Every structure is written in structure tokens, then in C-alpha cells.
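The values are calculated or read from the model by the stated rules, or taken from the named source; none is laboratory data. Here the structure is a predicted model, which is why all the values come from computation and not from measurement. Here the Cβ positions follow ideal geometry from the backbone for every residue, glycine too, while neighbour counts run over all protein chains shown. Heads up: the accessible areas ignore ligands, DNA and RNA and are worked out on the full protein's heavy atoms, side chains in. Shrake-Rupley method; radii C 1.70, N 1.55, O 1.52, S 1.80 Å.
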Amino acid sequence: MTETSHILENALAKHQNGQVDEARKLYEQVLAMGDNAEAFHWLGILELQSGAASTAVELLTKASKIDSTNAQLLANLGNACFAASQPNKAVEAYSESLLLNPASPETLASLGNLLLATEEPQQAIINYEKALQLNPQLAEVWRGLATALLARGEHGRALDAIGRAEQEHARSGQPITLPLLFTRGNVLIGAGLTEQALACFQTAVDRAPKFAQAHISLGGAHRVLGNFEVAIEHCRKAIALEPVDSKGYYALGLVQLDQGDLAHAKASFECTLEYDSANGRAHRLIASLTRHTAEHPHIHRMRQALTVDGLSSEQSTHLHYGLGKALEDAALYEDAYAHIQQANHLHRQQTTYTIDYDVKWMAQTRRVFTEDFLVRHKPDTNTLSGFPRPIFVVGMPRSGTSLIEQILASHPDVYGAGELDWIERCTEDAFRESGPTLGGIEKLMQLETGGKESLRKIGKAYLSRIAALAPNSRFVVDKMPANFLQVGLIRCALPDAVIVHARRHPMATCWSIYKNYLGAQGHAYSFDQTELGHYYQLYRQLMSHWDDVVGEGIHHVDYEALVSDQETVSRRLVAHCGLGWDKACLDFHTNKRPVRTLSAAQVRQPMYADALAQWEHYSTHLEPLTQALGDGLLTT
């Protein structure tokens, strides 16, 4: 054994025994004798374990230049770069490691963790799934997969993944960890099971009362449930525990925004930026609450934030949306469009959307829900006995659904519930009872062959949920726009429900969708003008079908008519819902109820017509959209 090998063996023994200082001296003694890949490698690991990530990167980089074929060395370099906030270098190191050893579940999982942290959930999912194919017993990888699926809006799969993570933890005899509790809570909120999520986060707070994130998560659950004062209390506790961490301020701002406390929400988002100056979400929300001029300093701050090294594509996306809004305020339309287009380009890169599924889904929906089907599947008894009457406001996003809900919710007999995904969830639950998880088209096929009992369960479950939400209200508004897909199911499961369809000029609707951040969940069609136009065509075709089979059961509200003749249109709307007129419906902007949509600020203002033809400023850039919509739609 050479002297170098002997010293390295001694250093490794001390390293493994926790004698860090002695091990470091021995590694350095070897390196004083000349460059040595193994010494650089192990000293780099020691520095990484000691929290000196940048030093570890330097040492491991030197090791990799000497030994470029060591897959584990490159994986450790990736870990160090990740810890040192050098994501691009980390991806490069992990990728080189996987070229040498593609069957390493640990490296695949590490790359998945990095991609998730840099807000690239789709790519994270790919790597987590590869890791789990190699070793399905990795509990933490299942947890990471659940988080990535949640970020993509795949709630059913996320629930399955977090359940598997818990199984693997139990199999190994490990106790439930705080990260596992947090992930389960977040997944439950995403799945609409907020009460169960609340219990998870409360357990986390009980176990770690001085952990700021536990209070943020618990406050977030209370926010979803409308317990705003309790939510604010936990956000403030988080801020007191971590006063220089941006997350507590951001969470507080979201609660205040829901409350309609716009000034304090904006102040909280500004505090977020004080400790995280490139936080794209906070910038975008501030932009939504600000009327900008060309010289407004916020425009410069957003431009500066875009230049920050290591900025994730997700944060960049939010910043581009924010700049688009601010520059549109300032009538700098060419510059605004450039940022809006870039925001959508970045968003589209993160999706795997094709319109084929939507084409098949809507065609199958029209085939199943015929007039004859609706007659045959009408319930035999009164479905509303003891329950509030649902009012479904459907249509495309940005078509006026929030405004219609705010008008109705200003009536003393009406509770505005916001965008509920409960029709979809109740449908999933009804089918889950009878077999394995089914896709949307498979559910339609089951309904076609005898779904009366399933429809009864869906209706009863939905009514039970809204009764618990608003036990003292005669009517509950559910303004989930995408329920236009479910009109036939709603008519069968809830025949006494009111259905209101919000309509707006196709170009105005599509431009408003394109320029605003909607998120990928349910809106993956919206990031490309051609895809957006084609999806709008599918929507109009389906609504035409509902008019044919449901007829006068759908009340149409044209946004332009509502803006130009507010009282007449509002009176017709209220009367169609079976309500007596109340003048509070004209003063909807004074209603302090929580609003959790992009229109949160707009519905706090009196009716205005500013946005009716805003798309015309961009007409030269919207040729793909106009072609996809076609002349027929544009003249209606």
C-alpha cells in the first residue's frame, strides 16, 4: 500500500467515525502531495456535509476533471451544485452521471428533486417514475412524485403516490415525518379534502410549534375553508418565527387578497419582495393590484428580476405575465405583447397537451347526453328536499363568470361558493366505489350503459357538500367555468339546479385568457393561440349541443349586454334563478365576500367597459387565433 493510499484509508475511517477535523487534515495532507481525485472527492463530500456547499462544488469539480468517468462522483457534484443554488450546473452533473450509470435510482431521484425545486414538475415526474421502476420501495421518491403530480394538477395520482409513500415508510418501520405530513396535507387540499388536510397540518404544528412552514400550511388550509382570521393568525406566527423569510408574507397576502383587503395584500406582497426580490408570483399579483404608467418603478423592478441568475422558468413566466399587464396599463402594447407571448411560450414548454383528447371527450359527451338520455335518467323524486338550490355559472374563463357570481352573491338568499370542482370530485367518488379509477371517456361510456344509480350518488353527494358549506342559504353559486363540460351530467344528477352560461366576444374572451396566468391545470389549451382558438370552437360546439337538448333550461348572459345595461340584464338573471329582486345586486362591488379568482380586484369595482375591445390593440399579433376561430365565430 502506498503512503497516499494509507493516509486516505485513515482519513476515510475518521470521516466515517465523525472525526471531521482530523479527516479534513488528512485529505488536505494527501492533496499537498499532488492532485488526487479520490481526496478531492471525499473532501468535497465532507465540506458538503458540513454545509460548505460552494467549497464542495470547487473540490468535486476538480475531482471530476481528473476522473470524468466516475458516475457517483458526478452525482455528488450534482448534489453539491444543488445545495449551492447552482441548478444549471447540477442538471449537467446529474445528466453526465446518468449517461455513465442510467440505472441509478438515487441519481434519478436527485435530478427529480432538483427539477421539482426549480419548478419543472413534468420533468421531475419523468425522473421520479424512472427511479421507482428501478426501486419501488423508495418512500421519499414516492413523496416527491406526489408533490410533482400535485403541481401538475393530477390530484388522483398524487393521492395514490402519497399513499404509497406512507406504505413504504410503514414497511421500513420509520415514523411519519414532518415532510410526509406536509405533502399529504398539500395533496389533500389539492383533492378538495381540506378538512383532512387541516388535521395533517394541525398535527405538524403540534409536533413542531416553532416551525414556520407548519403555521403557513395550517393557515393555508384555514384560508381555503374561509377561516380568514385564524389563517392570518398562523401567517403572523410564521412571520414572527422567520421574519426574514418571504413565504410568511406571501401567505398572508393571499389571505388578505381573498378577503378583499387589497391594500394590505399589496403591502404583504411588497414585504415578500423585500426578502425575495425575484419572486415572480408576488410581482405578478402586485401588478394585478396596480395601475401602471410608463415610468412606474415596478416595471423596472420586474425587468431587473428577470435578469437574476438561476431564475426558474416558472418564476420567469409569472414575471412576464406581470410585465405584460403593467405595460398594457401604460398603453405600451408592443412591449406588453412581447412579454405576454414569452409567458405563454414558457408555459407551453411545461405542458404535454394535445387537443386530441378534448376533441374525443366532447364528441363522446355529445353522443352520450342526448335529449332521450336526459329524459330516461331524470330522477324519480325531488332532489332538493332539505338542500340549497345550486346555481351553476359556466362558460369559458374570463367570460364574466366572476361578475355574474358577485351579482348573485350580493342577494341575501345566495351564497357565492366560488369555483368548486365538486361535480368532478363527486363523479370520481361515485365511480371509484364500483371499480378502478377510470378516465373521463370511460366514465361517459359507463354512464351510457346504465348510470342512473351513479348519477343519483353524484347529485346527493354534491348537495350534501354545498349544504355543509352554506347551511343557512337557499341558493349556492358554483362558478366553475369548466362545468360547461358537465351540463348534461348536472341536468341528470341535479335536475332542479339553475344553469347560467356566461358569454363574451370570442376575441375578447380568448385574448383575456391568453394574457392572464391561469395555471396549467385545466387550461393547458390556452398557451398557444391556435390551440386556444380550436378549443374555443369545441366549447361553442358543445354549448350549441346543450342548447339543443336542454333548451330553455340554460340562461345565457352576454358580458357586453351586462356592461351596457346592468340593471336590465341583472334583473333577468335574478328572476331566472327564482329569486326576488334585491337592489344590493346592483351594488355588487361593495360586497366583501371572499373572491379567489383573477377577477378578485375587478369585482370590487363598479361596472366598467374598459376591457371590451382591448384585444384590438394586438390584432396584428393575433392572426393565428383569428384563423383558428374562423369567420363563423367572429361574426356571432
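The modelled label-to-label distance between SER385 and ALA584, using points 7 Å beyond Cα along the C-beta direction, is 3.1 nm. In the neighborhood of GLY144, defined by Cβ-to-Cβ distances under 15 Å, what is the net charge if each Lys or Arg adds +1 and each Asp or Glu adds -1? Surrounding charge for GLY144 is -3. Here the accessible area is traced with a 1.4 Å probe on the protein chains. For the chain, carbon and sulfur cover 50 percent of it. Average 1/r across all pairs of distinct alpha carbons in region 99-147, invert it, and you get the Kirkwood radius: 10.3 Å. Shown here: region 240-281, whose C-alpha atoms stretch 25, 23, 12 Å along the first, second and third principal axes, sorted largest to smallest. Residues in region 45-59 carry Karplus couplings, in order, of 4, 4, 5, 5, 5, 8, x, 9, 5, 5, 5, 4, 4, 4, 5 Hz; the curve used is 6.51 cos²θ - 1.76 cosθ + 1.60 with θ = phi - 60°, and Gly or Pro positions show x.
Between the helical axis of 356-368 and the longest alpha-carbon principal axis of the chain there is an angle of about 30 degrees.
Quick check: the angle from helix 566-576's long axis to the longest principal axis of the chain, C-alpha only, nearest 10 degrees? The two axes meet at around 80 degrees. Computed from the C-beta positions of VAL375 and HIS556, the FRET efficiency with R₀ = 25 Å rounds to 0.65. For region 464-526, the average shadow cast by the Cα convex hull is 5.8 nm², which is a quarter of the hull's surface. With the simple model of a label 7 Å out from the Cα in the direction of the Cβ, ARG171 to ALA613 spans 6.5 nm. Considering helices alone, the calculated mean residue ellipticity of the chain at 222 nm is -20000 deg cm²/dmol, with DSSP H runs of length four and up weighted by -39500 (n - 2.57) and normalised per residue. For region 189-277, the Kirkwood estimate of the hydrodynamic radius, built from every pair of different alpha carbons, is 12.8 Å.
In this structure, TYR357 and GLU3 have a Cβ-Cβ separation that, at R0 = 56 Å, corresponds to a calculated FRET efficiency of about 0.25. The alpha carbon convex hull volume per residue for region 215-359 rounds to 144 Å³.
Less than 5 angstrom separates the built amide H of VAL476 from those of ARG389, ILE391, TYR415, all sequence-distant by 5 or more or on a different chain. The Rg/Rh ratio of region 241-319, with Rg taken over Cα atoms and Rh as the Kirkwood radius over Cα pairs, comes to 0.96.
Evaluated over the Cα positions of the chain, the convex hull gives a direction-averaged projected area, one quarter of its surface, of 31.4 nm².
Quarter the surface of the alpha carbon convex hull of region 135-237 and you get the mean projected area, 6.3 square nanometres. The calculated FRET efficiency for ALA294 paired with VAL224, based on their beta-carbon distance and R0 = 45 Å, is about 0.75. Identify all lysines with a Cα-Cα distance to LYS378 below 19 Å; exclude those on the same chain that are fewer than 8 residues away in sequence. Here the lysines satisfying the reach criterion relative to LYS378 are LYS443, LYS452, LYS457, LYS460. When the Cα centres of region 517-573 and region 110-170 are compared, how far apart do they sit, in Å? Each part reduced to its Cα centre gives a spacing of 36 Å.
Residues in region 121-131 carry Karplus couplings, in order, of x, 5, 5, 4, 4, 4, 6, 4, 5, 4, 4 Hz; the curve used is 6.51 cos²θ - 1.76 cosθ + 1.60 with θ = phi - 60°, and Gly or Pro positions show x. If you average the C-alpha positions of region 237-259 and of region 282-325 separately, how far apart do those two centres end up, in angstrom? Taking the Cα centre of region 282-325 as reference, the centre of region 237-259 is 20 Å away. Counting chymotrypsin sites (Phe, Trp or Tyr not before Pro) as exposed when in a DSSP loop with at most 14 other beta carbons within 10 Å, what is the longest stretch of the chain free of them? So the longest stretch without any such site is 1-580. What angle do you read, to the nearest 10 degrees and between 0 and 90, between the alpha-carbon axis of helix 155-171 and the longest principal axis of the chain? That helix lies at roughly 40 degrees to the long axis.
Once the 1.4 Å probe is applied to the protein heavy atoms, the chain comes out at 44 Å² accessible per residue.
Using only alpha carbons, region 275-398 has a radius of gyration to Kirkwood radius ratio (Rg to Rh) of 1.22.
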